[in-house]
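Colleague: The structure that follows is given in the form of structure tokens.
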Amino acid sequence: IYATTDKARGTLKELSADEGYETFVVPDDVGGRYSVLTAVGLLPIAAAGCDIDALMAGAAKAREELAVCSTQNECYRYAAARNILYRKGKSVELMACYEPNFTMMNEWYKQLFGEKGLFPASVIFSTDLHSMGQFVQDGARIMFETVVDIKQPQRDLYIEKSADNFDGLDFLAGQDMSVVNRKAMEGTILAHTDG
């Protein structure tokens, strides 16, 4: 048993000491929403089979690149766009993605951005497309939408031909779902932009 605990106190720290569990310390100076890059997040990520050395190398590279104050810095450009849109009355930021595996990243995004003056919301299309997509297109003009485009899904499914083509969709047979998702994304972006 491995535990991530405070370095000196707490119920889990006491239990770990009593039972001889190996512990990883949660740093005192790291806020909860950023703890994913400490043992709090890295231990379960490693247990899930992910390469945490590559994750940390990517985080270090991003930190180095995004620390440069320049108009080429994507973070600064994104922050400027968010600020402009906020001043134009867009007080809700919607993070949209078409990959179900991105669901928990959407949740983390809400945790990271929730205290920054905008209301963060998230959707996974096409699951949320009928209800939330309709609101984005036809509802109150209070939001802007950021679409995360996953170029290559981790796993793809292929559409099989049905015996009787009861739904009239056999023209999609042999196609993979990532292509269908891409078309849904492109069509929705057009509809939301026009709407």
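Colleague: Tally time: how many residues in region 113-148 are open to solvent by 70 Å² or more (accessible area, probe 1.4 Å), polar (S, T, N, Q) and assigned to a loop (DSSP other than H, G, I, E, B)?
Modeller: 1
Colleague: When you scan region 73-112, how many residues do you find that are within 12 Å of the chain's Cα centre (by Cα) and either open to solvent by 50 Å² or more (accessible area, probe 1.4 Å) or among the acidic types (Asp, Glu) (or both)?
Modeller: Adding up the residues that qualify gives 10.
Colleague: Among the residues that make up region 137-149, is at least one of them modelled with pLDDT under 90 and in contact with a strand residue (DSSP E or B) (Cβ under 8 Å, 6 or more places away or on another chain)?
Modeller: No.
Colleague: Here's a follow-up. If you take the residues in region 3-34 that are in contact with a helix residue (DSSP H, G or I) (Cβ under 6 Å, 6 or more places away or on another chain) and hydrophobic (A, V, I, L, M, F, W, C), which one is most open to solvent (accessible area, probe 1.4 Å)?
Modeller: Filtering first and then ranking leaves Phe24.
Colleague: Looking only at region 134-151, decide whether some residue is more than 21 Å from Gly89 (Cβ to Cβ) and basic (Lys, Arg).
Modeller: yes
Colleague: Just the residues that are of a type outside the set (Val, Ile, Thr) and within 18 Å of Leu112 (Cβ to Cβ), please, taken from region 31-43.
Modeller: Gly31, Gly32, Arg33, Tyr34, Ser35, Leu37, Gly41, Leu42
Colleague: Looking at (1) more than 24 Å from Tyr109 (Cβ to Cβ); (2) not in a loop (DSSP other than H, G, I, E, B), can you tell me which one Ala8 breaks?
Modeller: (2)
Colleague: Which of (1) aromatic (Phe, Trp, Tyr); (2) open to solvent by less than 50 Å² (accessible area, probe 1.4 Å); (3) touching a Gly at 6+ places or on another chain (Cβ under 8 Å) is the odd one out, the single condition Tyr158 does not satisfy?
Modeller: Every condition holds for Tyr158 apart from (2).
Colleague: I would also like to ask the following. Considering only residues of region 37-52 that are β-branched (Val, Ile, Thr) and at pLDDT 85 or above, which is nearest to the chain's Cα centre (by Cα)?
Modeller: Among residues in region 37-52 that are β-branched (Val, Ile, Thr) and at pLDDT 85 or above, the one nearest to the chain's Cα centre (by Cα) is Ile45.
Colleague: Right, here's the next one. Go through region 40-62 residue by residue and tally those that are closer than 25 Å to Asp6 by Cα and surrounded by 12 or more Cβ atoms within 10 Å (Cβ to Cβ).
Modeller: The total comes to 12.
Colleague: Right, something else. Are there any pairs with C-beta distances below 9 angstrom linking a residue in region 104-131 that is within 18 Å of Ser91 (Cα to Cα) to a residue that is part of a loop (DSSP other than H, G, I, E, B), with the two at least 6 apart or on different chains, and if so which?
Modeller: Gly117/Ser91; Leu118/Lys90; Leu118/Ser91; Phe119/Ser91; Phe119/Ile142; Pro120/Gly114; Ser122/Asp128
Colleague: Moving on. The conditions are (1) touching a Ser or Thr at 6+ places or on another chain (Cβ under 8 Å); (2) in contact (Cβ under 8 Å) with a residue 12 or more places away in the chain, and Asp170 fails exactly one of them. Which is it?
Modeller: With (1) touching a Ser or Thr at 6+ places or on another chain (Cβ under 8 Å); (2) in contact (Cβ under 8 Å) with a residue 12 or more places away in the chain applied to Asp170, the lone miss is (2).
The values are calculated or read from the model by the stated rules, or taken from the named source; none is laboratory data. Only a predicted model underlies this, so the values are computations on that prediction, with no experimental measurement involved. Because the Cβ atoms are built from the backbone with ideal geometry, glycine has one as well, and the counts that use them run over all protein chains shown. Calculation scope for accessible area: heavy atoms of the full protein, side chains included, ligands and nucleic acids excluded. Shrake-Rupley method; radii C 1.70, N 1.55, O 1.52, S 1.80 Å.
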